[in-house]
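Everything on this sheet refers to the single structure shown next.
The values are calculated or read from the model by the stated rules, or taken from the named source; none is laboratory data. The structure displayed is predicted, hence computed values, not measured ones. Note that each Cβ is placed from the backbone with ideal geometry, even for glycine, and that neighbours are counted across all protein chains shown.
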Amino acid sequence: MLPVSIITPSYNQARYLEQTIQSVLGQDYPSLEYIIVDGASTDGSQAIIQKYTDRLAWWVSEPDLGQADAINKGLRRASGEVVAWLNSDDLYLPGAIGAAVQALEANPAAGMVFGDAITIDEKGTELNPLVFGDWGLQELMRFRIICQPAVFMRRAVLEQAGWLDPAYHFLLDHHLWIRLAQRAPVRHVADSWAAARHHPAAKNVSQAAGFGQEAFRILRWMGDQPDLQPRLQEDRRRIEAGAYRLNARYLLDGGQPSAALRSYLQALWRSPRFALQHWRRMLYAIASLAGARHVADRYSNRR
């Protein structure tokens, strides 16, 4: 049985933090190490964490340099052969850790496994399923986005790839997935492992434009990596289309349909078939600009 370490970075998420903690400690997996890294919250988060100190391997509440810094701090403390992080507003679904370990044991060459997920709202009500495919390095380079809380990594491969880059604040996870996939295969399991919470203060809503900016930054970074350059050159149009498509998606989520549509047009020019996988989102953007509020509101609710 592989020992597992889970890290929860937290900052002023007292509203959701206890549910997150309970979703980890309620897993039916005996060899579990749980670490919480709080960024000196001022909303009472420490009192919630202290209720569970006898079940934590380590916790701290002190200023940090952001999410990546907090997660790295926990990863350096972790001793498990399998590691993951769960943000303080997300949840593990029952049996997630055990299923992830089974997947890693069944695929000994894999450096990372990821499952499907669901989205939930502030109250925990299920919104939508998030279903992914058996995506590897090439799909990740095309900015196929997977759900971070449904990802579990083999520590040895993570150490080869390096920790999270603190210079990234939005796609820090995707940047890491690419680096992991450079070094070992990744495997998808068609089972829901996590719930990602969508709420107004979440980055993908309140700071949506930052995701596209970092997608283009990752695109430039890939061009500087000797082992990624051949893949980038061979598949440049779809990879660039993926960056523009991702940018458009988050601009639309952030309430900027005009900018989103311009980015979708860039994606269409580079790879029409790849871009048109988002045809529903394109229609929502057009409807919003045309003043069809009922269509735009429906998109907002589904999002």
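A few points about this structure:
- When the criteria are applied in full, Ile21 fails the requirement of being closer than 26 Å to Gly98 by Cβ, crowded, with 20+ Cβ neighbours inside 10 Å and in contact with a Gly (Cβ under 9 Å, 6 or more places away or on another chain).
- For Asp227, the criteria (1) farther than 22 Å from Ala109 by Cβ; (2) not in a helix (DSSP H, G or I) hold in every case but one, which is (1).
- When the stretch 6-41 is filtered for residues that are part of a loop (DSSP other than H, G, I, E, B) and over 18 Å from Gln67 (Cβ atoms), the ones remaining, listed by number, are Gly26, Gln27, Asp28, Tyr29, Pro30, Ser31.
- In the stretch 84-98, the residues that are within 13 Å of Glu33 (Cα to Cα) form Cβ pairs under 9 Å with partners that are of a type in the set (Phe, Trp, Tyr) and in a loop (DSSP other than H, G, I, E, B), at six or more places apart or across chains, as follows: Ile97/Tyr29.
- The sole residue among Ala184, Ala150 that is surrounded by 22 or more Cβ atoms within 10 Å (Cβ to Cβ) and either in the same structural domain as Ile97 (by TED's automatic domain parsing) or not small (Gly, Ala, Ser) (or both) is Ala150.
- Residue in the stretch 159-169 that is within 15 Å of the chain's Cα centre (by Cα), acidic (Asp, Glu) and crowded, with 17+ Cβ neighbours inside 10 Å present: no
- Only one of Leu56, Leu32 that is closer than 19 Å to Val151 by Cα, surrounded by 14 or more Cβ atoms within 10 Å (Cβ to Cβ) and not aromatic (Phe, Trp, Tyr): Leu32
- Some residue of the stretch 33-52 being charged (D, E, K, R), in contact with a strand residue (DSSP E or B) (Cβ under 7 Å, 6 or more places away or on another chain) and modelled with pLDDT of 95 or more: yes
- For the condition buried (at least 18 other Cβ atoms within 10 Å of the Cβ), aromatic (Phe, Trp, Tyr) and more than 21 Å from Asp89 (Cα to Cα), Phe216 does not qualify.
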